[in-house]
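Input: a single structure, listed below in structure tokens.
The values are calculated or read from the model by the stated rules, or taken from the named source; none is laboratory data. Computed from a predicted model, the values in this text were never measured in an experiment. Neighbour counts are summed over all protein chains in view; Cβ atoms, including those assigned to glycine, are modelled from backbone coordinates with ideal geometry. Side chains are part of the model used for accessible areas, which takes the heavy atoms of the whole protein and leaves out ligands, DNA and RNA. Shrake-Rupley method; radii C 1.70, N 1.55, O 1.52, S 1.80 Å.
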Amino acid sequence: MTRENDPTLLPTWAAVEMEHEHMYTLFSNLEEAEERDEALEALGQLETWLQRHFAQEEKPGGFLERICTGPGEADALREEHRSLLVLIERTRDVVADVTAPWNEVAQKIMGDIGSGLRAHENRERTLAHRRLGLS
């Protein structure tokens, strides 16, 4: 078995995919928030969950080490984790600003966080599929 084709990764990848589904459920709660307090609570839940999820992926021998084979790939994903958490923190500040029109706040939530999460998950999927020999 080469480093590029690791079918033993399949159960780990399946578990990560299930976690990503849960992440989108949390994000959906955020998108559906109709008031600032609901959005702040949903942001807090998403942030707490992402912190745990990212720590799990980044642990020694964890998911990132298993899918990353090229130079700098794991470091790039770790940096994306940090950037997403900073984005959520900044978004929380925007949501808490009662002078900002709610529709602008909602657009920022759906746009910035949603696209960031999707792009990050797509990068992980591409790397995992490569390691599984699916690409």
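What's the extension gain from T69 to A15 if we count 0.36 nm per residue and subtract their Cα-Cα distance?
Extra length available between T69 and A15 comes to 17.4 nm.
Express in Å², to the nearest 10, the accessible area of H120 obtained by rolling a 1.4 Å probe over the protein heavy atoms while all chains stay in place.
Answer for H120: close to 10 Å² accessible.
Could you work out [θ]222 nm for the chain from helices alone, using -39500 (n - 2.57) per DSSP H run of at least four and dividing by all its residues? Round to the nearest 500 deg cm²/dmol.
-24500 deg cm²/dmol
Put a dot 7 Å past each Cα toward the Cβ at Y24 and R90; how far apart are the dots in nm?
Distance between label points: 2.6 nm.
Just to be sure I understand the model, the point goes 7 Å from the Cα along the line to the Cβ. What's the resulting A76 to E35 distance in nm?
4.4
With contacts defined as alpha carbon pairs under 8 Å and 6 or more residues apart, what's the relative contact order of the stretch 8-135 in percent?
RCO, the stretch 8-135: 31 percent.
Take E121, E104 and sort them by solvent-accessible surface of the protein heavy atoms, 1.4 Å probe, largest at the top.
Descending accessible area places them as E104, E121.
Which of N29, N122, N103 ends up with the largest GNM mean-square fluctuation for the chain, with Cα atoms connected below 10 Å?
N103
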